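Novice: Here it is, the structure in full.
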Amino acid sequence: MLTKVISRHAIVICWIVMSVVACGRDYRYTPLPSTSNVVILGDSLTFGTGAAAGEDYASRLASNTGWNIVNAGVPGNTSSDGLTRLAGLLAEHEAGEQKIDLLIIELGGNDFLRRVPETETVNNLKSILNQAKANKIQTALIAIPEFSPFGAAFGNLSDHPLYEKLAEETGTPLIEDVFSNVLAKNSLKADAIHPNAEGYRVVASELQNALSDLGFLRKK
């Protein structure tokens, strides 16, 4: 009898622990209408370097979802550059039909390449998220691979750990492993750090799946 009681207590404790962990990582949102305005603030990965015009993941995502997507990717941009540009984007889409419904942030890769201190990158990304939330704009964060020439050469990349920590600290939904998986495959790369057209197609597909899992998109 005592063994059964202990077993029941153990099951209950495990269920509570699992529920807490799930709640901590499970962000659910109301699906955005097809007419929603989405801005993707990023660098060359968002711009679409490595593929032809219209083959970037933002354009593909717009075609798949019907969202009005602004590709705010600028090659070479760091998190600091993105933070500087944010004020103009917010002012441009301040109110009415142009108001931003979702801001997706894809920044950090150039910080890693230029050896920007991690604390600086985190603070910049945190400021972007805070400004967006202060303007009542929903946000999502795309994780970027940790800089690793060895990992890139041998097809073994992983997201930089700062993204998971930042997402947890700010309560921001995190889209994981998309670029890490694509840039680990030579067949999906135009060069060492950029996808090719097929790579961007995969990025768009995986991003769409992640946004559906988070609730931003209705699952088909």
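Novice: Tally up the residues in segment 98-120 that are among the β-branched types (Val, Ile, Thr) and either over 18 Å from Asp43 (Cβ atoms) or open to solvent by 70 Å² or more (accessible area, probe 1.4 Å) (or both), please.
Specialist: Of the residues in that region, 2 qualify.
Novice: Now for a separate question. Which residues, counting only those in segment 29-64, are under 22 Å from Thr121 (Cβ atoms), assigned to a helix (DSSP H, G or I) and among the polar types (S, T, N, Q)?
Specialist: Within segment 29-64, Ser44, Thr46 qualify.
Novice: Show the residue pairs meeting these rules: Cβ distance below 7 Å; 6+ apart or different chains; first residue within segment 65-94 and in a helix (DSSP H, G or I); second residue among the acidic types (Asp, Glu).
Specialist: Ser79/Asp111
Novice: Let me ask something additional. Looking at segment 98-118 only, could you name the residues that are charged (D, E, K, R) and touching a residue at least 24 places away in the same chain (Cβ under 8 Å)?
Specialist: Lys99, Asp101, Glu106, Asp111, Arg114, Glu118
Novice: While we're on this one: Any residue at all in segment 160-168 that is modelled with pLDDT under 95 and exposed (fewer than 15 other Cβ atoms within 10 Å of the Cβ)?
Specialist: Kept after step one, since they are modelled with pLDDT under 95, are these residues of segment 160-168: none.
No, because not a single residue in segment 160-168 is modelled with pLDDT under 95 and exposed (fewer than 15 other Cβ atoms within 10 Å of the Cβ).
Novice: For the structure I just gave you, tell me whether Asn123 is surrounded by 12 or more Cβ atoms within 10 Å (Cβ to Cβ) and farther than 19 Å from Asn209 by Cα.
Specialist: Spelling it out, Asn123 is indeed surrounded by 12 or more Cβ atoms within 10 Å (Cβ to Cβ) and farther than 19 Å from Asn209 by Cα.
Novice: Please find, within segment 139-150, the residue that is farthest from the chain's Cα centre (by Cα) out of those that are open to solvent by less than 60 Å² (accessible area, probe 1.4 Å) and either over 18 Å from Leu41 (Cβ atoms) or not hydroxyl-bearing (Ser, Thr, Tyr) (or both).
Specialist: In this case the residue turns out to be Ser148.
Novice: Inside segment 9-40, can you point out the residues that are closer than 21 Å to Asn209 by Cβ, open to solvent by less than 90 Å² (accessible area, probe 1.4 Å) and modelled with pLDDT of 90 or more?
Specialist: Across segment 9-40, the qualifying residues are Tyr29, Pro31, Leu32, Pro33, Ser34, Ser36, Val38, Val39, Ile40.
Novice: What is the one condition in (1) under 25 Å from Pro117 (Cα atoms); (2) in contact (Cβ under 8 Å) with a residue 40 or more places away in the chain that Ala190 does not satisfy?
Specialist: Result: Ala190 passes all but (1).
Novice: Of all residues in segment 95-111, which are touching an Asp or Glu at 6+ places or on another chain (Cβ under 7 Å) and part of a helix (DSSP H, G or I)?
Specialist: Gly109, Asn110, listed by residue number.
Novice: Next up: Which count do you get for residues in segment 182-213 that are open to solvent by 60 Å² or more (accessible area, probe 1.4 Å) and more than 18 Å from Ser59 (Cβ to Cβ)?
Specialist: Within segment 182-213, residues that are open to solvent by 60 Å² or more (accessible area, probe 1.4 Å) and more than 18 Å from Ser59 (Cβ to Cβ) number 7.
Novice: Here's a follow-up. Sort through Phe216, Phe179 and tell me the only one that's open to solvent by less than 20 Å² (accessible area, probe 1.4 Å), outside any helix (DSSP H, G or I) and under 28 Å from Ala53 (Cα atoms).
Specialist: Of the residues listed, the single one that is open to solvent by less than 20 Å² (accessible area, probe 1.4 Å), outside any helix (DSSP H, G or I) and under 28 Å from Ala53 (Cα atoms) is Phe216.
The values are calculated or read from the model by the stated rules, or taken from the named source; none is laboratory data. Keep in mind that this is a model prediction, so the values were computed, not measured. So basically every Cβ, Gly included, is an ideal-geometry build from the backbone, and we count neighbours across all protein chains shown. Remember, those area values only see protein heavy atoms, side chains included, never the ligands or the DNA or RNA. Shrake-Rupley method; radii C 1.70, N 1.55, O 1.52, S 1.80 Å.
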